[in-house]
1. Tell me, what ³J(HN,Hα) does each residue in the stretch 47-53 have, in order and in whole Hz, if you take phi through Karplus 6.51 cos²θ - 1.76 cosθ + 1.60 with θ = phi - 60° and put x for Gly and Pro?
2. Determine the share of the chain's accessible area contributed by carbon and sulfur atoms, expressed in whole percent, with a 1.4 angstrom probe.
3. For the stretch 1-95, give the magnitude of the charge dipole about the Cα centre (Cβ charges: +1 Lys/Arg, -1 Asp/Glu; no others), in debye to the nearest 20.
4. Using the Cα centre as the reference, give the magnitude of the dipole from point charges on the C-beta atoms of the chain (Lys, Arg: +1; Asp, Glu: -1; all else neutral), rounded to the nearest 20 debye.
5. Which one, [x] 1.10; [y] 1.01; [z] 1.18, gives Cα Rg over 2.2 N^0.38 Å as derived from the coordinates shown?
6. Given N residues in the stretch 3-80, what is Rg(Cα) / (2.2 N^0.38 Å)?
7. Hey, if you put +1 on the Cβ of every Lys and Arg and -1 on every Asp and Glu Cβ in the chain, which of I184, C126, I31 ends up farthest toward the positive end of that dipole?
8. Using amide H atoms built in the peptide plane, which far-off residues or other-chain residues are under 5 Å from A78 H to H?
Amino acid sequence: MLDINLGCPQTYAKTQKIGAYLLERKDWPLIESIVAGLARAVSIPVHAKIRLCNPASATAELAVKLAAAGASVIAVHARHVSAERRRQGLAKLEWVTHIRQAIQDAGLGSRTKVISNGNVRNYADCIGNLRATGAAGVMIGEALLGDPSMLSRTNGEAPPSPAHISAEYLALCSEYTPPTASIIRQHIKTFFGSRNE
């Protein structure tokens, strides 16, 4: 799958006018042409991740355009872009449902699937998200980075300690070609930091 990240809210994306900072209506022809060009050029599915547009009601229109351009999957992080407060408040999952329905109504639902992103901190949240949105799947970001075993606990069991997760991670790093030392440090910091959110 080839992923086009139109959901990145970071300051770097803002200064470079990339990621979620291409979601303004004036940039839609550009991102439609990117999706269409890639869909024609590659034999693998093209996936686009988006956030909510301003206004949020415009997001369904954009999603239909991306589906028509050839996106096989559209992941919707149902929050507005903000470099300063990336996950302030709950994601607005009702928009995922609205976007999925708009793609269906446009006759594109059989070829373009919608994935929901947001509000998942454990297995029960994952199931709740799927039920609430009717999405084909759920994308999980930083919560899963902080607790890689999250989806293996289906009955509310307590998570393993950050020290246990770190030891397993370091064992994998010694078995496989490890990433850089700074990435290893960042991953371990995330294992410990996720407990404080």
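1. Here the 3J(HN,Hα) series is 10, 10, 9, 10, 10, 6, 7 Hz.
2. On the way: 6050 of 10690 Å².
So the carbon and sulfur contribution to the accessible surface is 57 percent.
3. Numbers: 13 positive and 7 negative charges, 53 e Å.
Rounded to the nearest 20 debye, it is 260 debye.
4. Values: 22 positive and 15 negative charges, 82 e Å.
Here the chain has a charge dipole of around 400 debye.
5. Comparing each candidate, only [x] matches the computed number.
6. 1.01
7. I31
8. Under 5 Å from the amide H of A78 lie the amide H atoms of K92, N117, each far enough along the sequence or on another chain.
The values are calculated or read from the model by the stated rules, or taken from the named source; none is laboratory data. Only a predicted model underlies this, so the values are computations on that prediction, with no experimental measurement involved. No Cβ is skipped: glycine too gets one built from the backbone with ideal geometry, and neighbour counts run over all protein chains shown. What goes into the accessible areas is simple: the full protein's heavy atoms, side chains included, and nothing from ligands, DNA or RNA. Shrake-Rupley method; radii C 1.70, N 1.55, O 1.52, S 1.80 Å.
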